[in-house]
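Enquirer: The structure's right below; bear with me while I get my questions together.
The values are calculated or read from the model by the stated rules, or taken from the named source; none is laboratory data. What you see is a predicted model, and the numbers here were worked out from it, not measured in a lab. Neighbour counts run over all protein chains shown; Cβ positions are idealised from the backbone, glycine included. Protein only, heavy atoms only, side chains kept; ligands, DNA and RNA dropped before computing areas. Shrake-Rupley method; radii C 1.70, N 1.55, O 1.52, S 1.80 Å.
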Amino acid sequence: MTQMALGLPTPDSISRKVRVAVDHLALNIGTDSRGAIFTRREVVDFILDLAGYTEDQPLHQKRILEPSFGGGDFLLPIIERLLSAWRTAKPNGTALDDLGNAIKAVELHHDTFRSTYAAVVTFLKQQGLAANTAQALASCWLSSGDFLLIPLEGEFDFVVGNPPYIRQELIPSSLLAEYRCRYQTMYDRADIYIPFIERSLAVLAEGGILGFICSDRWMKNRYGGPLRSLVAARFHLKVYVDMVDTQAFHTDVTAYPAITMISRETPGATRIAHCPAIDRAALSALVKLFRAPVLPRTSGTVRELACVTNGAEPWLLESFDQMTLIRRLEQCFPLLEAVGCKVGIGVATGVDKVFIGNFNALDVEPDRKLRLVTTKDIVSGEVKWQGQGVINPFAESGGLVDLRDYPRLRRYLESHRSVVAARHCAQKSPANWYRTIDRITPLLAAMPKLLIPDIKGEAHIVFEGGELYPHHNLYYVTSDDWDLRALQAVLLSAVTHLFVATYSTKMRGGFLRFQAQYLRRIRLPRWADVPEALRGELAEAAIKRDIQACNQAVFKLYGLSYEERSILGSNGE
């Protein structure tokens, strides 16, 4: 299938403005900013082995693409394997004729391109090729430019590598607009590796395979939805290897990396492994399991799951038993927000050092500030307010207050105007220069709520009785129907942990992200269907912060069997 068949425009001419933006990135962006993370050789070999790019194959008859070759972590091992396979198959062959079309490798950063080009030429000469042949092959194989924009001829049997991880804020607006125009998966806050995957899939030959190591965020986050849909509809997710807390790279990274092998063939079951040891013997053994025609029943390190891809839905990559339990709960119970609960996030001001400070010291009118709760206030599991406040520039009607009616607020904001007015939201609307990014609704402060920090190893759910306004580092849940103490027990339980662990991305150390998009995935009975005695049991367990008692009550709430309780690591006794 061609790029056009996937709905992807073939890159051709680009505007001068876009060219200038590309040149800026190619010349000026630093190693950290351009997402250059260097992969260990053992991991590179593991990915090449998984893809089947091995020396016992006629590699000189195949084509392989490396979309962002950087310092050559993948490129040099590829060349080494290609030369070995070619020499075995054609001992009297002509290198330039036989190999000139075997590799296509692209790099944007000019200095990196030049240094790696020289390293390739040196390596080829060390392998016994004449200097002119080495230069000619390097020129055939290596291209300087933006992988997302340059023309690519033909299809590829393999696409491998470690695509760049670049935040959108670092991409010039004209270039970002060009990417969005060309790539259907460049959605919402998608990082640059998303269109890298899309284009790589577009140029795969029938039966070809993509093998990337990169962040796994797209597999579950909102911005990955279009790419997940593309994979589910037209490709086979063959292999997923969870690389959390492994030394896959030469430097530590905070992103949660994974290896994915995606082939252009009929979708089927996915083989999955978690956190392999990074040594050659262990990885070689894993390759044999992943590539076995039938997975041995005795394999404890590799599992096989069907129907991992399901349209734009997040990929469920947990154990089969856990997936079965999740699916049953999803069929039996409505979503959290369908039973009278609401999930939100606290206020983002855009400049906390101005809008947030000691409540008593904020020199504004009393009705222009609210008591603020932050993660520091709930560390103990109970609210212990440390005296912070947030300035509220909004009127009850919804618009901004007139500063002429609030001389103390006006004087305070004017004293910080240079900082407040410099924010992006203020520059977009100069007349509203003193607004916070999020609208502040004082009614929220007066509502009882459950407070939840974003990143935690375990659920940390804190009850707040209705006196404080949440900061943007806290999510909150309110409800007109459910008793919040009973709901707190549900959110503290192993059932909620399973939902969040299944749908959320994880960080280093196994920390989960308790974000709104994942909390909204939780299934919950209607409050009217909860027996009176169980209501009291749930609330009492939460008030005591007794996690075992929370689990016992919640298991009853969902009607979990003994086997299902065991899946969650407890039988509830």
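Enquirer: What is the percent carbon and sulfur in the accessible area of segment 45-179, measuring with a 1.4 Å probe over the protein chains and ignoring ligands?
Expert: The nonpolar share, carbon plus sulfur, comes to 47 percent.
Enquirer: Taking every pair of distinct Cα atoms and averaging 1/r, then inverting, what Kirkwood hydrodynamic radius in Å comes out for segment 90-248?
Expert: After inverting the pairwise mean of 1/r, the radius is 17.7 Å.
Enquirer: Ok, one more. Could you go through segment 54-70 in sequence order and give the Karplus-derived ³J(HN,Hα) for each residue, using 6.51 cos²θ - 1.76 cosθ + 1.60 with θ = phi - 60°, rounded to whole Hz, and x for Gly and Pro?
Expert: 10, 5, 7, 9, x, 5, 5, 9, 10, 10, 10, 10, 10, x, 8, 7, x
Enquirer: Within a Cβ distance under 15 Å of M447, other residues only, what is the Lys/Arg minus Asp/Glu net charge?
Expert: Its environment carries a net charge of -1.
Enquirer: Then there's this: Need one word for segment 189-334: rounded, prolate or oblate. Basis is the Cα gyration tensor (sqrt eigenvalues a ≥ b ≥ c); a/c below 1.5 gives rounded, then a/b vs b/c decides.
Expert: Taking the square roots of the gyration eigenvalues as a ≥ b ≥ c, segment 189-334 is rounded.
Enquirer: What fraction of the DSSP beta bridges in the chain is antiparallel, stated in percent and rounded to the nearest 5?
Expert: In the chain, approximately 65 percent of DSSP beta bridges are antiparallel ones.
Enquirer: Need one number: the % of Cα-Cα pairs in segment 90-166 sitting beyond the 15 Å mark.
Expert: So the pairs more than 15 Å apart make up 61 percent of the total in segment 90-166.
Enquirer: In nm, what is the difference between 0.36 nm times the number of residues separating A89 and D279 and their Cα-Cα distance?
Expert: 65.4 nm
Enquirer: Another one. Charges only on Cβ, +1 for Lys and Arg, -1 for Asp and Glu: so what's the dipole of the chain about the Cα centre, in debye to the nearest 20?
Expert: It works out to roughly 720 debye.
Enquirer: Convex hull over the alpha-carbon atoms of the chain: what's its volume per residue in Å³?
Expert: Each residue corresponds to 172 Å³ of Cα convex hull volume.
Enquirer: Skipping prolines and chain starts, which residues have an amide H placed within reach, meaning under 5 Å, of the one on G145, given they are 5 or more residues away or on another chain?
Expert: Excluding prolines and chain starts, which carry no amide H, the hits are E107, L108.
Enquirer: Quick one: which residues, 5+ away or cross-chain, put their amide H under 5 Å from the amide H of D216? H built at 1.01 Å from N.
Expert: Counting only residues 5 or more places away or on other chains, the set is Y256, A258.
Enquirer: Pulled fully out, how much extra length does the chain show between T324 and A312, if you take 0.36 nm times their separation in residues and subtract their Cα-Cα distance?
Expert: 2.4 nm
Enquirer: Can you run phi through the Karplus equation (6.51, -1.76, 1.60; θ = phi - 60°) for segment 320-330 and list ³J(HN,Hα) in whole Hz, with x for Gly and Pro?
Expert: Each residue of segment 320-330 in turn: 4, 5, 5, 4, 4, 5, 4, 4, 5, 4, 5 Hz.
Enquirer: Let me make sure I get this right: for segment 375-520, a, b and c are the square roots of the gyration tensor eigenvalues over alpha carbons, sorted descending. Under 1.5 in a/c it's rounded, otherwise prolate if a/b > b/c, else oblate. Which is it?
Expert: Verdict is prolate for segment 375-520.
Enquirer: Could you work out how far helix 110-126 tilts from the main Cα principal axis of the chain, as a 0 to 90 degree angle to the nearest 10?
Expert: On a 0 to 90 degree scale, this one is about 40.
Enquirer: The chain: longest stretch without exposed trypsin sites (Lys or Arg not before Pro) (DSSP loop, at most 13 other Cβ within 10 Å), sites themselves excluded?
Expert: In short, 1-166.
Enquirer: May I pose another question? Roughly what % of Cα-Cα distances in segment 330-443 sit above 17 Å, to the whole percent?
Expert: The calculated P(r) of segment 330-443 puts 61 percent of pairs beyond 17 Å.
Enquirer: Which aspartates and glutamates, if any, have their Cα less than 18 Å from the Cα of K556, not counting same-chain residues under 8 positions apart?
Expert: Candidates past the 8-residue exclusion: E330, D483, D529, E532, E537, E540, D546, E564, E573.
Enquirer: If you don't mind, there's one more thing I want to ask. Calculate the translational D of segment 307-382 in whole µm² s⁻¹ from Stokes-Einstein, where the hydrodynamic radius comes from the Kirkwood formula applied to all Cα pairs, the temperature is 37 °C and the viscosity 0.692 mPa s.
Expert: It diffuses with D of about 188 µm²/s by this estimate.
Enquirer: Pull out the extension gain between A431 and A361, defined as 0.36 nm times the separation in residues minus the alpha carbon to alpha carbon distance; nm, one decimal.
Expert: Gain on extension, A431 to A361, equals 22.5 nm.
Enquirer: If you roll a 1.4 Å probe over the heavy atoms of the protein chains, what accessible area per residue do you get for the chain, in Å²?
Expert: 43 Å²
Enquirer: Please report the projected area of segment 22-155's Cα convex hull averaged over all directions, in nm².
Expert: 8.2 nm²
Enquirer: Also: So what are the ³J(HN,Hα) numbers for segment 546-561, from phi and the Karplus equation (6.51, -1.76, 1.60; θ = phi - 60°), rounded to whole Hz, Gly and Pro as x?
Expert: 9, 5, 5, 5, 4, 4, 4, 5, 5, 4, 5, 4, 8, x, 6, 6
Enquirer: Whose amide H sits under 5 Å from the amide H of V373, counting only residues 5 or more places off or on another chain, with H placed in the peptide plane?
Expert: Under 5 Å from the amide H of V373 lie the amide H atoms of Y469, H471, each far enough along the sequence or on another chain.
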